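Some notes on the structure that comes next.
Derivation of every value follows stated rules applied to the coordinates shown; laboratory data play no part. It should be emphasised that the depicted structure is a prediction, and the values quoted were computed from it without experimental measurement. Every residue, glycine as well, gets a Cβ built from its backbone with ideal geometry; the counts of neighbours run over all protein chains shown.
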Amino acid sequence: MAAEVAFKRIVAPKWSTMEDSAVVGAFLAGDERAFQVLVERYQTRLLNFVYRTIGDREKAEDLVQEVFIRVYRHLHRFDRSKKFSTWVYTIASNLAKNELRNRSRNPLVLFQTIRRNWEDEDRPLQFEDPASRPDDLYRKRHLRELVEASVARLPEHHRQVFILRELEGKSYEEIAEITACNLGTVKSRLNRARTSFAEIIAPALR
Amino acid sequence: MDCGRFRDNHAAFIDNALDEVELSAMRTHRAECADCADHDATIRRALLLFRNLPTIEPSAEFGRRLNARLRATERSLAWSHAGTRGPSWTSFAWAASGVLAAGYILVANFGHVASMRHQELALAPVVVTAPVPSATIDSAPVGPMRISPMASPAIVASVSMGMPVWPAALLAAQAPMHFAVTEFQVVSLRR
């Protein structure tokens, strides 16, 4: 049976109360709907994590899809004594790291990303909240771009730890597992990332 | 507590990951040190901005594209599973004929090599020039019959072996004698 994923926002109550490990178990037992539940649970979180790491929306979607493909292929090998979310974030983290590495090797990719971002900037504001006043919209948008640019200036290994903690709310232990670092490294990277981020953005806020 | 320790523990302070004693010490230091209080406020304000970034949602195409990719993955997985079930008759026949062909080639080549192994290696004959005793050369009278040092057996042998340096060195060593003999010849011819 094909793994048809309906991607509807409505998930049956039976699934919504289930732990990830139980959903994984259901999928491995042959229930294809369980995979839809996993996609539903993680697609937005992973998209935000990857997007904040690599800074390219379109590529981030591709990478998140790749994460789910890998999960689908290798779920039978997943050690169910561990947390599913940690495993999924580890895959996403590695893909994001590879993407950044490839981008640094290939200037054309970097150029295309910059160009796409320019096009994004040229996009009219009509998709944003129409109830807001234009100056508010401008201010909010400017602030968002400022924050994103400040995050992008962090070194890659600091940025990942920073996003996993601040955006995803992961514990130090989980971050250590996802990024394959020890706990001390995670703490020091997080401390440095926070300080650097604050130092980068502070002059613009005064 | 000093400022260095405050900065080192700051990440844990923000995350409320310190024990009660350390937490209290951090709060006290922040209240007493203006620089550290400023540092703390700057970081907390920056983090607040970051945490309030709008969440982005997957595009409308995301689900459709993921479905298509999942179907393709499933097809490839089905292919690979089919490959592990065992070979079909056709693939078995191809594999068997391949093995037979490889065996034939191996046997044919092995026979050729074995027959070559029985043949004796025939080296080219060594051609040498009988050396003229040096006593004969030295005792020969000065005149046209005397053998020139240029044609000494050592030089002839080395030249024929294709060693360009050795004859040159020999010639250089024997040059004074050669010139003397030539001079004697000229003198004897004048007489």
Quiz prompt | Residues A:His76, A:His157 arranged by fewest to most Cβ contacts within 10 Å | solution = A:His76, A:His157
Exercise. Give me B:Asp15, B:Asp2 ranked fewest to most by other Cβ atoms within 10 Å of their Cβ, as a rough exposure proxy.
Key: B:Asp2, B:Asp15
Quiz item: From the cross-link list A:Lys59/A:Lys170; A:Lys97/A:Lys170; A:Lys59/A:Lys187; A:Lys14/A:Lys59; A:Lys14/A:Lys97; A:Lys83/A:Lys140, which pairs have alpha carbons spaced over 26 Å apart?
Solution: A:Lys59/A:Lys187; A:Lys14/A:Lys59; A:Lys14/A:Lys97; A:Lys83/A:Lys140
Quiz item: To the nearest 0.05, how large is the calculated FRET efficiency for A:Arg73 and B:Phe92 if R₀ is 30 Å and r is the Cβ-Cβ distance?
Solution: 0.55
Practice problem: Determine the shielding of peptide B:58-66 by partner chains: average, over its residues, the number of Cβ atoms on other chains within 10 angstrom of each Cβ. | Solution: 6
Self-check item: In order through the stretch A:86-98: 3J(HN,Hα) via Karplus (6.51 cos²θ - 1.76 cosθ + 1.60), integer Hz, x for Gly, Pro
Solution: 5, 4, 5, 5, 5, 4, 4, 5, 5, 5, 5, 4, 4
Practice problem: Report, as an integer, the average count of C-beta atoms from other chains found within 10 Å of each Cβ along B:40-46. | Solution: 5
Quiz prompt | Mean Cβ count within 10 Å, highest first, over the residues of peptides B:4-14, A:21-31, A:61-71 | solution = A:61-71, B:4-14, A:21-31
Exercise. For an R0 of 30 angstrom, estimate the FRET efficiency from the Cβ-Cβ distance between B:Asp35 and A:Arg153 and round to the nearest 0.05.
Key: 0.80
